[in-house]
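Down below is the structure, laid out as structure tokens.
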Amino acid sequence: MKDKIELRLGGYGGQGLILAGIILAEAAMLDGKNCIQTQSYGPEARGGASKSEVIISNNSIKYPKVLNPDILLSLSQKAYDKYRKDLKNNGIIIIDNSIFKHADETNIIYSLPIIETAQKILGRAFVANIVSLGVIAELTNVVSKKSLLRAVLERVPAGTEELNENALNEGYKLIKDKERI
């Protein structure tokens with residue numbers, strides 16, 4: 001990992017991306033890194049715009065907001081359309097494969113069946129956020145798998161630990177099995 005990495009996780013309310021950002025930040029802390037997590041969401045409880053932003057650094061963090069993320073994860077078309085323009089040059093975009101990619105995109109894109117994996121392989125759409133964390137960790141090594149698993153297991157509801165661990169593993173597999181587009 002470089003000294004500092006900024007991530008933006010975007011989608012709509014109900015996809016669990018705010019929780020995913022919190023888990024990612026906690027995993028970074030478990031790894032002994034500095035981090036900041038912020039979030040915003042629309043007035044709707046479900047279906048409105050939602051984003052979680054995480055800065056992870058080996059050094060002190062001087063400004064607590066993500067302005068130009070290194071990585072954008074998008075689980076909705078609206079989030080991709082809204083946030084792709086802020087990405088750093090040569091940034092990484094991770095999108096669900098249901099999202100239409102812009103023809104003029106110059107960034108590195110990984111289009112993966114994140115939501116489909118949660119629904120069809122794991123049987124629960126609500127773990128797409130945890131699948132996403134597995135994708136991010138496998139792709140970037142921004143946090144260790146050990147710390148990420150611990151953070152996930154400390155945050156998920158009792159009785160869903162095995163499901164969520166499987167979701168992480170499916171996210172890792174998505175990157176291992178897929179080349180960028």
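The values are calculated or read from the model by the stated rules, or taken from the named source; none is laboratory data. Just so we're clear, the structure is a prediction, and the values are computed from it rather than from any experiment. Cβ atoms come from the backbone with ideal geometry, glycine included; neighbour counts cover every protein chain shown.
GLU161 falls short of the stated requirement of being closer than 17 Å to ASP31 by Cα and acidic (Asp, Glu). Would you check if ILE109 is within 18 Å of LYS176 (Cβ to Cβ) and at pLDDT below 95? Yes, satisfied.
Could you tell me whether the range 133-145 includes any residue that is farther than 20 Å from LYS4 by Cα and either touching a residue at least 40 places away in the same chain (Cβ under 8 Å) or under 14 Å from the mean Cα position of the chain (by Cα) (or both)?
no
If you go through the range 132-143 and keep only what is surrounded by 15 or more Cβ atoms within 10 Å (Cβ to Cβ) and over 15 Å from LEU9 (Cβ atoms), you end up with just GLU138.
For (1) more than 24 Å from ALA25 (Cβ to Cβ); (2) surrounded by fewer than 23 Cβ atoms within 10 Å (Cβ to Cβ); (3) touching a residue at least 24 places away in the same chain (Cβ under 8 Å), each residue gets a yes or a no:
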| site | (1), (2), (3) |
| --- | --- |
| ASN97 | yes, yes, no |
| GLU105 | yes, yes, no |
| ILE115 | no, yes, yes |
| GLN119 | yes, yes, no |
| LEU153 | no, yes, no |
| ILE175 | no, yes, yes |
